[in-house]
Amino acid sequence: MCGVIMLKRTCYSDKLKEGEEVVLSGWVHERRDLGGIKFILLRDREGIAQITAPKKKVSEEIFKLIDSLGREWIISVKGNVKSSPQAPNGLEVIPQEIEIISTAEPSLPLDPSEKVDADIDTRLDNRFMDIRKPKVTAIFKIRSEILRAAREYLLSQAFVEIQTPKITASGTEGGTELFPISYFEREAFLAQSPQLYKQTMMATGMDRVFEMAHYFRAEESNTRRHLSESDAIDIEMSFIENEEDVIYILENLVSHILNCVNKNKKNELSLLGIEVNIPSTPFRRVNYDQAITLLQEGGFNVRYGEDLGTETEKALGNIVKEKYGDDLYFLTKYPLSTKPFYTNFDGEIARAFDLDYKGVEISSGGQRIHNVDVLKTRIKEKGLPVTSFEAYLKPFRFGMPPHGGFGLGIDRLLMQMLNLENIREGVLFPHDRRRLEP
Ligand code: AMO
């Protein structure tokens, strides 16, 4: 009868123990027929198990049923675990019962056994099947560990997890990359970042907050590191002396994340052939002037006052790696003109920073302006309408402590940690200018 499972899974494929009776459930990864002996490679979330059916040891019914199985059918297998030096992990299952749970059409949209490569568009068009590949599953298990480790660290530092609206009345990060939506009789926007809300939280006395945030940005260009929807770990903290207090949290957060991934996701890293270099803290600081000098000395045509573009960032990453051996470094003391209106400053220098990982910006943050008059002036100087920031400005009039924070892009951190060619590889269902489905 449809929907009733007779054999209930007892364990995943990585938990087999010799002599035990088990039920495994998963996808038919491969099937081999050597005449007197048949094999099924059964894949589940944790790996691949070999089901071995010697004609002499299994029932005739099972021996025949194996012939009918197609690739990517879902089956459950009840059987005994035996040692077998040729099998994965040295163990195999001799089947007593096999239940067919679901069939699959014979012509697969891509090859989940990873023998035939597919281009990124084919992979993303068929993401449900792409994620069946053990290496792709490994990426998302590592992603989950990043989030777990981040929460662990931030909670240990007295941060409180919050959630803020994703439909907003105004932009925060420059106004050019907003998605307008129709909101009853008014125009509204999808949130580019929790920036204004997390700052508002500093006026509530909550002191230290973080959000696993979702950003919406109408990125015009179709690059390997930009998405229309992305995720970030956003924090905001009060009573700071300057941006160094924020940098301290960020470097220790990233260091904790890398350590946890290294310790807790060994199998996934080894499947992907990745070794994560654990940086020592404090991370290197490269100030903006030094960065420009290093780039100019390296023959790059950059001028003081410019924000660094993708190519110059990458070049700087190579220079820093070569000169100092560092993958992770802060870029500090940017010219104020390159930073958003809420950034605090000393003269023309912003109290802001970026964190770069192997030549890609993975985070930016800084100390914010907490004086309401200065803030209004900066909004005007940036050519933004003060009227649309009234709700944001109000808390600044009734007791706002000095504060700062950062946004750490999870997709970019994962991409750089695992040397992924494209940010989309580390996102379940990436959306960009061209892609809205799946
Ligand atoms: P920023 O705009 O630099 O700063 O964003 C912070 C980090 O988020 C990631 N990121 C993205 N990742 C993929 N695709 C995108 N389109 C995208 N946009 C941003 C990057 C980036 O470093 N409010 C500030 C943060 C703060 O100061 O607290 C902000 O949003 O890794």
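General remarks:
- A search for C-beta distances below 8 Å between a residue of the stretch 347-374 that is under 23 Å from Pro279 (Cβ atoms) and any residue that is part of a strand (DSSP E or B) and at pLDDT below 95, counting only pairs 6+ apart in sequence or on different chains, returns nothing.
- Qualifying residue in the stretch 248-262 (condition: open to solvent by 60 Å² or more (accessible area, probe 1.4 Å), within 21 Å of Phe353 (Cβ to Cβ), at pLDDT 95 or above and of a type in the set (Ser, Thr, Tyr)): yes
- Residue among Ile48, Ile66, Ile75 that alone is open to solvent by 20 Å² or more (accessible area, probe 1.4 Å) and β-branched (Val, Ile, Thr): Ile48
- Flag if Leu420 is modelled with pLDDT of 95 or more, within 15 Å of the ligand (Cβ to nearest atom), surrounded by fewer than 23 Cβ atoms within 10 Å (Cβ to Cβ) and assigned to a loop (DSSP other than H, G, I, E, B): yes
- Among the residues of the stretch 190-234, those that are in contact with a Phe, Trp or Tyr (Cβ under 8 Å, 6 or more places away or on another chain), hydrophobic (A, V, I, L, M, F, W, C) and farther than 26 Å from Lys394 by Cβ comprise Ala218, Ile233.
- Annotation: Arg351 fulfils all but one of (1) more than 16 Å from Asp245 (Cα to Cα); (2) open to solvent by 50 Å² or more (accessible area, probe 1.4 Å); the unmet one is (1).
- Scan of the stretch 219-238 for residues that are open to solvent by less than 40 Å² (accessible area, probe 1.4 Å), part of a loop (DSSP other than H, G, I, E, B) and small (Gly, Ala, Ser), ordered by number: Ser228
- Residue match in the stretch 304-315 (condition: polar (S, T, N, Q), farther than 19 Å from Leu250 by Cα and buried (at least 17 other Cβ atoms within 10 Å of the Cβ)): yes
- Within the option set Val386, Val372, being in contact with a Phe, Trp or Tyr (Cβ under 6 Å, 6 or more places away or on another chain), open to solvent by 20 Å² or more (accessible area, probe 1.4 Å) and away from the ligand (no atom under 15 Å from the Cβ) holds for one residue only, Val372.
- Residues that are of a type in the set (Gly, Ala, Ser) and in a strand (DSSP E or B) within the stretch 325-350 comprise just one, Ala350.
- Set Ala169, Ala149, Ala191: member being open to solvent by less than 50 Å² (accessible area, probe 1.4 Å) and touching a Ser or Thr at 6+ places or on another chain (Cβ under 9 Å): Ala191
- As a summary of the residue check, Glu185 satisfies the conditions (1) more than 9 Å from the ligand (Cβ to nearest atom); (2) of a type outside the set (Ser, Thr, Tyr); (3) closer than 26 Å to Arg424 by Cβ; (4) out of contact with any strand residue (DSSP E or B) (no Cβ under 6 Å at 6 or more places or on another chain) except for the one numbered (3).
- Sub-8 Å Cβ pairs linking a first residue in the stretch 284-310 that is within 15 Å of Ile349 (Cα to Cα) to a second residue that is open to solvent by 70 Å² or more (accessible area, probe 1.4 Å) and not in a loop (DSSP other than H, G, I, E, B), at least 6 apart or interchain, are Tyr304/Asp289; Gly305/Ser337, ordered by first then second residue.
- Residue within the stretch 225-236 that is of a type in the set (Lys, Arg), within 18 Å of the chain's Cα centre (by Cα) and near the ligand (Cβ under 10 Å from one of its atoms) present: yes
- For Thr204, the criteria (1) surrounded by 15 or more Cβ atoms within 10 Å (Cβ to Cβ); (2) within 19 Å of Tyr342 (Cα to Cα) hold in every case but one, which is (1).
- Among the residues of this structure, Thr164 does not count as one that is more than 14 Å from the ligand (Cβ to nearest atom), modelled with pLDDT of 95 or more, of a type in the set (Ser, Thr, Tyr) and part of a loop (DSSP other than H, G, I, E, B).
- Set Gly404, Gly399: member being at pLDDT 95 or above and at positive phi: Gly399
- For the stretch 178-188, a residue qualifies if it is open to solvent by less than 60 Å² (accessible area, probe 1.4 Å) and either touching a Gly at 6+ places or on another chain (Cβ under 8 Å) or more than 15 Å from His214 (Cβ to Cβ) (or both), and the qualifying residues are Leu178, Ala188.
- Of Ile120, Ile75, all but one fail to be β-branched (Val, Ile, Thr), out of contact with any Lys or Arg (no Cβ under 9 Å at 6 or more places or on another chain), within 30 Å of Glu437 (Cα to Cα) and touching a residue at least 12 places away in the same chain (Cβ under 8 Å); the exception is Ile75.
- Filter result for the condition that a residue is away from the ligand (no atom under 16 Å from the Cβ), assigned to a loop (DSSP other than H, G, I, E, B) and not small (Gly, Ala, Ser), over Val302, Val261: Val302
The values are calculated or read from the model by the stated rules, or taken from the named source; none is laboratory data. Just so it is clear, the model here is predicted, and its values are computed rather than measured. Cβ coordinates were reconstructed from backbone atoms using ideal geometry, including for glycine residues, and neighbour counts include every protein chain displayed. We work out accessible area using only protein heavy atoms, side chains counted, and drop any ligands, DNA or RNA first. Shrake-Rupley method; radii C 1.70, N 1.55, O 1.52, S 1.80 Å.
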